[in-house]
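First the structure, then my questions, so here it is.
Any read-out appearing in this document is the output of simple, stated calculations on the displayed coordinates, not a laboratory observation. It should be emphasised that the depicted structure is a prediction, and the values quoted were computed from it without experimental measurement. Cβ atoms come from the backbone with ideal geometry, glycine included; neighbour counts cover every protein chain shown.
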Amino acid sequence: MLAVINWHSILFLVFAGLACAFAVAVVVADNIVRMAFYLVLALGSTAGLFFLAGAEFIGAMQLMIYVGGTLVLLVFGVMLTAQAPFISIKTSTNDRVLAGVVGAALLAVLLQAAFSVEAWRRPGVGQVANPSATPLGMALLGVRVDDPPAGTSPSLVRSGYLLPFEIVSVHLLVVLVGAAYLARAKRRRTPRGIETADVAASGGSR
Amino acid sequence: MADFLINTVGLPEWLAWGITAGVAAALILNVIAGGALVFIWAERKIAARIQDRLGPTRTGGRFGWLQSLADGIKLLAKEDLMPEGADGMLFQLAPYVSFCASFCAFIALPFAFDFVGQRLNVGVFFVVAVLGLEVFGVILAGYASASKWSLFGAMREAAQVVSYEVPLGMCVVVPVMLAGSMDLVTIAEKQAGWGINWYLFHDPFTFVIFWVYVTCAVASVNRAPFDLAEAESELVAGFHTEYSGLRWSFFFMAEYGSMFLVSALAALLFMGGWNGPIPVAELLGLSEGTGDTANYFVRLIGCFNLMGKATLGVLVMMWVRWTLPRLRIDQVMTTCLKYCTPIAAAMFAGAMFWQLALPGGVMRGISRPAGEIREGWLEGPGGRAAPRGATVPAAVVPSKKLAQVQP
Amino acid sequence: MNPLNPMHAPSALAGLFAVNLMSDPVSVTHYLVVGAIMFTAGIVCMAVKRNALGVLMGIELVLNGANVNFVAFSSPYLQGEQTASIGLDGQAIALFVILLAAAEAAVALAITLNFYNNHSTVDIDQADGLKG
């Protein structure tokens, strides 16, 4: 089937197939815990795609931060907000059909854009030298040591990423403090838990 | 090996790479499974001796050598149960998720200079990242078992593993900083020679960081005294209460695999990896480049060296398990957030300043200029470390002309 | 053939079915297709799910689809010789997207937990207290 049968193509098909299949499974699944599990597998397969494209540092970053951090956080959230036997909250059929139509239209536009540029369909140079994280690390310190891409003008100044790096560091600190404050345990003075359960029960029939 | 298959045997390229990958995977699987067999027997014997009894003495002779095999046969023959309210698919998948995470981390673990599944430039980062994925198997097992003991154990273990990843990451960054690369092969190669080259003895900050790493690693793999997730006296059996037979044995292969992995990582990062306290290969006159057979023999010695160090680490973990009492969950969290993390951060800052002042470490660093050490950080595209004994050019000026240094 | 011109759309779609991705070696287009599918799945997930955490999962899928695109454009393996890949910039952008997605997921989860503490439910249709 493939003009070039090598492990790169086969592994790409495997990882891409898994990523797409589990992404669709997240949409289709009802049980929130199963959705989280499918999302873990989808993002893990995407990390595999990153490794295949040569972005090893980004792939390891995806596994550590996205899958091993953000999704664990999400699963903790699922467990903490669990309602009695994981009732599945269903949307009405109208909403789902409308969302499906809009999604299909968006997918068609994106795919058409993906196929439109001829130059993107030619593959690259194949296996090159071992990818290294050193240029990325140096760029984050503000110094660009990688070669400019082919076709750029020699007078182009390529900037380092020191400022975004610092901003993101402070941003993460702010998020840490803010999230800890928002989610702190508050002492309840009145037994509001009973009240709101009644409201939810009567309001859920709408 | 793939080159050998392509050139000498004449197989098509895809088949040669496939066979090489298959052989590498089979070898890693043997390390994990064989290691688990040996460690289960060792655990029972060590536990017994510490508790002043004998342990297995009947199966296969006086020392119970075949006890692990008998255990394995028993586990295979057990009935495959699933609780009634359990989520079927997640219940069945959870042990394999845990095992896959433990197995994948071995891909980037080098056993000798060329004995590595895939030499990743971000090897350390990859191993620590994949180790953190083992928690998913535990959470899924706890949830899918539909039993409150399992859920409690799973949530505690997830909180513990995720919290301890922070100081673990900081401890791991110190040897990366000393070596200038995240490549595990490079980090181990820079500690070549006699035992004083080890990063353990590089400066006092790294020495303290090593012990913090040991604490965090033991907490990460949920071994005592941090083993509330499987606390036998409190939670029946924690997250694997409802598992029996082969599924349970997958959890335990994952656990012993992770123990071996963090011990091997400690050996690579701090204790020189396959370069022993005594450079046996150099003393025997077999250095790199004296032919394929000698190369292979040198690497084999290195491989046994590394496995010996990792096994020593695992045995120490078992010794600690049967000696210290278990910590409560609040004590576990206190240890992480109030002790390990600040100490790791302070030692990291100390090691950083030491590296600026005396890059070569206590033993060799006072006479070597800083530039000579840092010159080796930006390596060529091949990524190989400089061979031992190569002279380093002294005319390298760092830090002012970084942009002109070729990556 | 301008993809933005609606008159060209039918012939573009015909070209879409004519080309067979499976017979070409892996190139940027393959990655863009994967990114598009993940992005669309995320959008539909955000639109369809009523559980607040389900919406959050949709957001993660959207950001991930965008990351796949960035990494594809930055990869020296996948680009032909005539085009200029964005090189390291793509990897740096993907890195920052991952970091910011983690931050945003933490804040969204804190908000969701706060909501759950007050209303005992995570159904976003119940969050209509400010409705006029």
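Using R₀ = 60 Å, calculate the FRET efficiency as 1/(1 + (r/R₀)^6) where r is the Cβ-Cβ separation of A:D95 and B:A48; round to 0.05. Before the final figure, lay out each step's value.
Values: r = 63 Å, r/R0 = 1.06.
It comes to 0.40.
Hey, another quick one. Exposure proxy check: A:L52, B:L200 ranked by fewest other beta carbons within 10 Å?
Numbers: A:L52 24, B:L200 20.
Lowest to highest Cβ neighbour count: B:L200, A:L52.
Could you quote the convex hull projected area for region C:25-120, Cα atoms only and averaged over all directions, in nm²? Show your work: numbers first, answer last.
Working: hull surface 26.7 nm².
Dividing the Cα hull surface by four gives the mean projection, 6.7 nm².
Scattering from the C-alpha atoms of region A:1-83 alone, worked out with Debye: what is log10 I(q)/I(0) at q = 0.14, 0.22, 0.23 1/Å?
-0.53, -1.00, -1.05
Less than 13 Å Cβ to Cβ from A:G69, Lys/Arg counted +1 and Asp/Glu -1: what total charge do the surrounding residues give? Walk me through the numbers before you get to the answer.
On the way: positive: none; negative: B:E165, C:E60, C:E104.
Result for the neighbourhood of A:G69: -3.
Need the full-extension length gain, B:R326 to B:C303, defined as separation in residues times 0.36 nm minus the C-alpha distance. One decimal, nm. Please list the in-between numbers first.
Working: separation 23, 0.36 × 23 = 8.28 nm, distance 3.43 nm.
The B:R326-B:C303 span can extend by a further 4.9 nm.
Let me ask you something else. Can you sort A:F50, A:F15, A:F57 from fewest to most other Cβ atoms within 10 Å of each residue's own Cβ?
Working: A:F50 27, A:F15 20, A:F57 24.
Placing the least packed residue first, the sequence is A:F15, A:F57, A:F50.
So what J values fall out for region C:26-40 if you push phi through Karplus, 6.51 cos²θ - 1.76 cosθ + 1.60 with θ = phi - 60°, rounded to Hz, Gly and Pro as x?
Computed from phi, the couplings for region C:26-40 are 5, 9, 4, 4, 4, 5, 5, 5, 4, x, 5, 5, 5, 4, 5 Hz.
Among the trypsin sites (Lys or Arg not before Pro) within region B:26-132, which fall in a DSSP loop and have no more than 14 other Cβ atoms within 10 Å of their own Cβ?
Those that pass, being in a loop and sparsely packed, are B:R53, B:R58, B:R62, B:K78.
If you don't mind, another one. Which order results if B:R326, B:R247 are arranged by neighbouring Cβ count within 10 Å, fewest first? Walk me through the numbers before you get to the answer.
Values: B:R326 16, B:R247 22.
Going from least to most buried by this count: B:R326, B:R247.
Right, another one. For region A:168-182 and region C:47-121, write down the distance between their C-alpha centroids in whole Å.
Taking the Cα centre of each part, region A:168-182 and region C:47-121 sit 18 Å apart.
If you take the beta carbon distance between B:V316 and A:V157 as r and set R0 to 60 Å, what does 1/(1 + (r/R0)^6) give as a FRET efficiency, to the nearest 0.05? Intermediate values should be presented prior to the final figure.
On the way: r = 54 Å, r/R0 = 0.90.
That pair, B:V316 with A:V157, gives E of 0.65.
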